[in-house]
Amino acid sequence: MSGKQIVEREHWGGNLGFILASAGSAIGLGNIWKFPYITGENGGGAFVLIYLACILIIGLPVMICEITLGRNTQQNPFGAFRQLAPNASRSTSSFGILFLLLACGLLCFGRFGLSGIFFLLGIGGLYYGWAVIGLVCVFTPVVIMSYYGTVGGWTIAYFFKGITLNLDFTTVEAASQTFNSLSSDAFWPVFFQLSFMLFTGAVVWFGIRNGIELASKFLLPLLLVLLLILVMRSLTLDGAREGVRFLLSPDFSKLTPNGVLIALGHAFFSLSLGMGAMITYGSYFERTKNIFSASAYIVFLDTLIAMIAGLAIFPAVFAMKMNPECGPGLVFQIMPITFNLIGDHLGWLWSSIFFLLLIIAALTSSISMLEVCTAYLMDEFKIKRHVAVLWTTIVVSIAGVVCTLSVDNWDRFTWLQNAIIWAFGSANDSAFAMADTFSSNYLLPLGGLGIAVFVGWIWGTRFAIDEIRKGGQQVPDANFFVLLAGLKDDPITQAKPHIFTLAIIWGIFVRFVSPVGIIVAFLNSIGWLHF
């Protein structure tokens, strides 16, 4: 086709670059914003223990699936599924027909929006087969970035407010007024949202080694250093011990069954799973590298940052007698108040450092999401990276402007509101909130479940393990308990037959445990499962 150019695929400069970039993708606003406040809402230390367990039994196995899919095919999410399952199968055809029947039924009841979604899934299943999951993984980052850029813009605005001494409020009322004033403005939120997307696009523009890898090697260490500065300041406050105890001392009397489900859902979503980011990053990962160890490092860094963020936030919150259960307002309202109440006249500095942290966390995640869409355009349409980045950034930025301007006032987009009411029956939330709900509650679980089922049952764990072994030496076949005991190189122990190898444990989790966990988290997120 004229105008198309074949582009040679890039690869990471080294193992460290891949780990830091992937960890940066996982370490987003969820670690520094969402993890602390949901921990506060669900009892502290006991919730943390459940969260860590869910990371290991749900998050890590699916992450290994995604990286393996990407490295084996050297393709974007859609291309990966299409390459491994190029034709529609009996299972996808059955699901396609079922979805089309559901679409017809919903249409009869006037549910035009849901009918359209099921119609598209049905046609996709019949035409693309399992590759429709890859399309979902490509579409999901577009939806997420449309509102993620809005939050990223807010963090930039609050950073500048901090360094210009405009976050000097000490009451919740003043904090709420400041945030409402920003979100309702018609210019500055859009300006900062577009600035955030410009930074994101600029990094992706320069490619894997000179853009994403280079930025990750700078941003991730900077993020850790800034976090440690806040931790040291928080831990030196009078009363900080109560915050540490709240975070690290399990009190299972405060943990509810719904808290367990929330931990399960957050463990999956906090690792950037189900959106194709790890498939895309895995496609740049050389076959001489170890997928098992790289995945473990990524999960470790993601969890470490979340825990350090908790140590930076809760000691200060408790020391200043603030409420740790205040929900999403913990970041933009409670934390500036907390820093101002410390009393060392440096509240502006601590606030500035904190929001710089949020900018970095948001940026590293948005980079990976933009790369998913960029890789799709490059692989499927054979266009240059610069052109793909330009188009993707423009589309996502336009959607982001709609989300940003709708946060406070739907009336700016009456036509859109009316269209959503016609399609779905109501539009009580803003476009921002609806994009968040649609991606978190529906798209991410669908993508994650599809990936786990595809690797476990369709492509097959046997072929996946063959790919993992190419860079893992004998690690997949090592006995789990032998590794824990530190006897990996003991010849007598290794000579005995083993049952609980890492490969076997991973296969069991991918085929059974992870899919069930994702389904349970999904049912809870949409409100169908409560205790």
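A few notes on this one:
- Of the residues contained in region 62-71, none is found to be open to solvent by 10 Å² or more (accessible area, probe 1.4 Å) and in contact with a helix residue (DSSP H, G or I) (Cβ under 9 Å, 6 or more places away or on another chain).
- Hey, L301 at pLDDT 90 or above and crowded, with 22+ Cβ neighbours inside 10 Å or not: no
- For region 27-56, a residue qualifies if it is β-branched (V, I, T), farther than 18 Å from L301 by Cβ and modelled with pLDDT of 90 or more, and exactly one does: I50.
- Pairing residues of region 277-290 that are closer than 14 Å to R9 by Cα with residues that are modelled with pLDDT of 95 or more and of a type in the set (F, W, Y), at Cβ distances under 8 Å and at least 6 apart in sequence or on separate chains, gives Y281/F18; Y284/W12; Y284/F18; F285/W12; F285/F18; E286/W12.
- Counting only helices (runs of 4 or more DSSP H) that sit wholly inside region 1-101, those with at least 1 residues that are among the polar types (S, T, N, Q) and under 21 Å from A361 (Cβ atoms) are 15-26, 35-41.
- The lone exception for L449 - which of (1) within 19 Å of I262 (Cβ to Cβ); (2) in contact with a helix residue (DSSP H, G or I) (Cβ under 7 Å, 6 or more places away or on another chain); (3) modelled with pLDDT under 90 it fails: (3)
- Subset of region 306-325 (residues that are part of a helix (DSSP H, G or I), open to solvent by 10 Å² or more (accessible area, probe 1.4 Å) and of a type outside the set (G, A, S)): M307, I308, L311, F318
- Helices (runs of 4 or more DSSP H) enclosed by region 332-446 - at least 2 residues per element that are open to solvent by less than 50 Å² (accessible area, probe 1.4 Å) and of a type in the set (D, E): 347-381
- Any chance D168 is surrounded by 14 or more Cβ atoms within 10 Å (Cβ to Cβ) and free of Cβ contacts under 8 Å to residues at least 40 places away in the same chain: no
- Residue list for region 117-161, restricted to those being outside any helix (DSSP H, G or I) and open to solvent by less than 10 Å² (accessible area, probe 1.4 Å): G129
- Summed over region 79-116, the residues that are open to solvent by less than 60 Å² (accessible area, probe 1.4 Å), touching a Ser or Thr at 6+ places or on another chain (Cβ under 9 Å) and under 30 Å from N418 (Cβ atoms) give a count of 3.
For every residue, the table says whether it meets (1) open to solvent by 50 Å² or more (accessible area, probe 1.4 Å); (2) in contact with a Leu (Cβ under 7 Å, 6 or more places away or on another chain); (3) in a helix (DSSP H, G or I); (4) not aromatic (F, W, Y).
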| site | (1), (2), (3), (4) |
| --- | --- |
| V260 | yes, no, yes, yes |
| G265 | no, no, yes, yes |
| F268 | no, no, yes, no |
| L271 | no, no, no, yes |
| F285 | no, no, no, no |
| T288 | yes, no, no, yes |
| S295 | no, yes, yes, yes |
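The values are calculated or read from the model by the stated rules, or taken from the named source; none is laboratory data. All figures in this text were calculated on a predicted structure; none of them were measured in a lab. Positions of Cβ are generated from backbone atoms using ideal geometry, with glycine treated the same way; all protein chains shown enter the neighbour counts. Accessible surface areas use protein heavy atoms only, side chains included; no ligands, DNA or RNA. Shrake-Rupley method; radii C 1.70, N 1.55, O 1.52, S 1.80 Å.
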